[in-house]
Structure formats: C-alpha cells, structure tokens
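Heads up, the thing below is written out as structure tokens.
Each reported figure results from applying straightforward, stated rules to the coordinates on display, with no laboratory input. All values derive from a computational prediction rather than experimental measurement. Methodologically, a virtual Cβ is constructed for each residue, glycine included, from the backbone with ideal geometry; neighbour enumeration extends over all protein chains shown.
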Amino acid sequence: MSALNAKVFVAGHRGMVGAAIVRQLKANGYTNIITRKRCELDLTNQKAVCDFFESEGIEQVYLAAAKVGGIVANNTYPADFIYENLMIQCNIIHSAHLADVQQLLFLGSSCIYPKLASQPMMESALLTGTLEETNEPYAIAKIAGIKLCESYNRQYSRDYRSVMPTNLYGAHDNFHPENSHVIPALLRRFHEAKLNNDKEVMAWGSGKPKREFLYVDDMAAASIHVMNLEQSTYEANTQPMLSHINVGTGVDCTIKELVETVAKVVGFEGEIKFDESKPDGAPRKLMNVNRVESLGWKYSVSLEDGLGMSYQWFVDNQDKFRG
C-alpha cells in the first residue's frame, strides 16, 4: 500500500494545528484520513480510545490533540491541564502500540524548555532547569509525551517521533477577546479599532521583548516532513533519549515590530502606544532550528504574509468570535 493510501488518524483535527495537518495531508494527496469529533471519541477515556484503535486499522497517527490555553487559563485550571493532556497522550500512544501502529508523531510545545534556557533554545536544553511557573503543569505533560514516545521506541522498537513548535498562528486560531494569544489578540484589537475609527491603540509592555512566530500551515508541512523521514535518517539525527525536533523559523522580531506589522496588515492608521506598566515576560524566546533544517525542512511563509492570511480568515469567520 502506498503512503498516500495509508490510514492516517489526526487526533485534534478541529484545533488550529490539527486542522492544518488535515489540509496539508489532503493537498499532498492523502486519501484515507481518519478524524473523530470529541462527541464521537473522548480521548481521555482509555477504553474508548483502545476500542477505536482496535477496530480502525490505523497506520499513522498525528497526535495534535491537547487542552490548550493562555496564562490565565493555565493558572486557573492547572489540574485540568496536566490531567487531560496526560490522559490524551497516554491513551493514544499506548493504544496505538497495542494496535501495532508503527508510526506516530507527537506535537509538543516550546514551553518544555527551562524558563532561563540559553537563546536560541536547543533540543538539548530539555530537563536542564526550572520551567516557567504559569504553565508548568502543561509543560510537564508535554515532556511526558516526548518520554512516552522515546520509551515505546526503546522497549518495543516503535517509530514514535516528537516535534516542538514555536509560537503558532493562523486559520482556526482562538480570537477570544480575553483568552487568545498575542497575534490573534492584536489582529482583533486593531480590526475593532479600525472599525471604530479609534485614534490610538494601546499595546501591553515596552515592545522590546523578542518572539518567534510560525504560520500554522508551515508547522503542518514540517510535521508531515518529519513523519515521512526514513527511520534511519531520523535516528541518525536524534538520540534515543533526546529525540524531539524543534520546529520554527529561527528568526524573531520585537513585539513592537509585530504590533506595527499587524497594524499595517489590518489597515489601522492611528497611533500605537505601549503601556510599560504591563509585564513584558521573558526578554527572548527563540528556537534553534538547525536540526530540522539539516533534515531538509525550512519555513516558507513570512510573518507579514502569514498575518495577512490570518487576518483574512478572522474577517471571514468573525461571527464565531462575537462577545
């Protein structure tokens, strides 16, 4: 059976990353993509997940399902974040193994790295220091996902791989006025300011911290690329207990530059001010992407182009984000 006919399960297909992986798989000619809505398959239910794998004959798994949220959500519901993510990961990875699924890709997060990791952050920084406090439970769950994959590889000779994306944005992002991340929050704020003919927009912090952003369709392309590497190639470029791969642009910008680019994309012509009484967070968070680039993948969507596509998606779907 050719790879394009393989039965591929995308867990979390309604989220931003999972939806992008499904789009990319279809664009690449995959014809047998399996998805399940939460109402059809509760990924925190061990028996349900095990039964699903037993009956479906899955050949590849993209594990993009996760409980995600911003700082407020992570601080308010730490037990939910660590429990649900651990359960989803344990159930899918173990059930995949029991059903003799040989190929699985786990999607993590850059928050796995220590709060004070050297910049740009290399894969080898994992478990070398204290995590950032606000999302430690989520980060611990993601680290456990990496170690689950590595452990099944070591004990059962599986081919379970892990990729760690930088900050993602794009279609199907969360544009909620309180709970969204920086790019969707800014796109919405400048859009509403433009509609209201506001004279100025206030951005949080000094604008000096630097951040890296990756368009979600680039992340999907990277995921499929890593999944389909020859096993010998993957293993030659990783280590059995340090097997994850960073995915990003390797390029960052200041928050001030980001804000100005968002204003340009949206068409806001008023004044931009920065409220320096608000916290800046870490001064820099940049991924070292030498490993993924050496394996033949590099990002293709510029920040301005990606912001333009994200803004268009928001405008086309903004009825979903009223309130």
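Would you check if S124 is surrounded by fewer than 19 Cβ atoms within 10 Å (Cβ to Cβ), in a loop (DSSP other than H, G, I, E, B) and small (G, A, S)? Walk me through it before giving the result.
Values: surrounded by fewer than 19 Cβ atoms within 10 Å (Cβ to Cβ): yes; in a loop (DSSP other than H, G, I, E, B): no; small (G, A, S): yes.
Here the answer is no, as S124 does not meet what is asked.
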* Asked: Quick check: is even one residue across the stretch 266-280 of a type in the set (K, R), in contact (Cβ under 8 Å) with a residue 12 or more places away in the chain and either farther than 23 Å from Q102 by Cα or touching a Gly at 6+ places or on another chain (Cβ under 6 Å) (or both)?
  -> yes
* To do: Considering only the stretch 138-207, give the strands (runs of 3 or more DSSP E) lying wholly within it that have at least 3 residues that are in contact with a Lys or Arg (Cβ under 8 Å, 6 or more places away or on another chain) and either surrounded by fewer than 19 Cβ atoms within 10 Å (Cβ to Cβ) or aliphatic (A, V, I, L, M) (or both).
  => 200-204
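Select from the stretch 127-137 the residues that are assigned to a loop (DSSP other than H, G, I, E, B) and within 21 Å of the chain's Cα centre (by Cα) and write down the one among them that is nearest to Q239 (Cα to Cα). So that I can check it myself, show each step before the final result.
Of the residues in the stretch 127-137, the ones assigned to a loop (DSSP other than H, G, I, E, B) are 127-132.
Imposing the further condition that a residue be within 21 Å of the chain's Cα centre (by Cα) reduces the set to 127, 131-132.
Numbers: L127: 15, L131: 22, E132: 25 Å.
Taking the candidates together, the pick is L127.
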* Asked: What number of residues within the stretch 281-323 satisfy the criterion of being of a type in the set (S, T, Y) and either free of Cβ contacts under 8 Å to residues at least 12 places away in the same chain or more than 14 Å from H191 (Cβ to Cβ) (or both)?
  -> 4
* Asked: Regarding A19, is this residue out of contact with any His (no Cβ under 8 Å at 6 or more places or on another chain), among the small types (G, A, S) and buried (at least 17 other Cβ atoms within 10 Å of the Cβ)?
  -> no
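Do any helices (runs of 4 or more DSSP H) entirely within the stretch 17-110 hold 1 or more residues that are farther than 23 Å from K142 by Cβ, more than 20 Å from the chain's Cα centre (by Cα) and hydroxyl-bearing (S, T, Y), and if so, which?
Working: elements: 46-56, 71-76, 78-98.
Counting at least 1 such residues, we get 46-56.
From N74, N85, grab the single residue that is surrounded by 15 or more Cβ atoms within 10 Å (Cβ to Cβ) and within 18 Å of P165 (Cα to Cα). Give the steps one after another, and end with the answer.
Numbers: N74 fails: within 18 Å of P165 (Cα to Cα).
Within the list N74, N85, the selection yields N85.
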* Structure fact -> Inside the stretch 111-120, the number of residues satisfying the requirement of being among the hydrophobic types (A, V, I, L, M, F, W, C) and over 16 Å from the mean Cα position of the chain (by Cα) is 2
* Hey, can you tell me all the residues within the stretch 4-16 that are outside any helix (DSSP H, G or I) and in contact with a helix residue (DSSP H, G or I) (Cβ under 8 Å, 6 or more places away or on another chain)? => K7, V8, F9, V10, A11, G12, H13
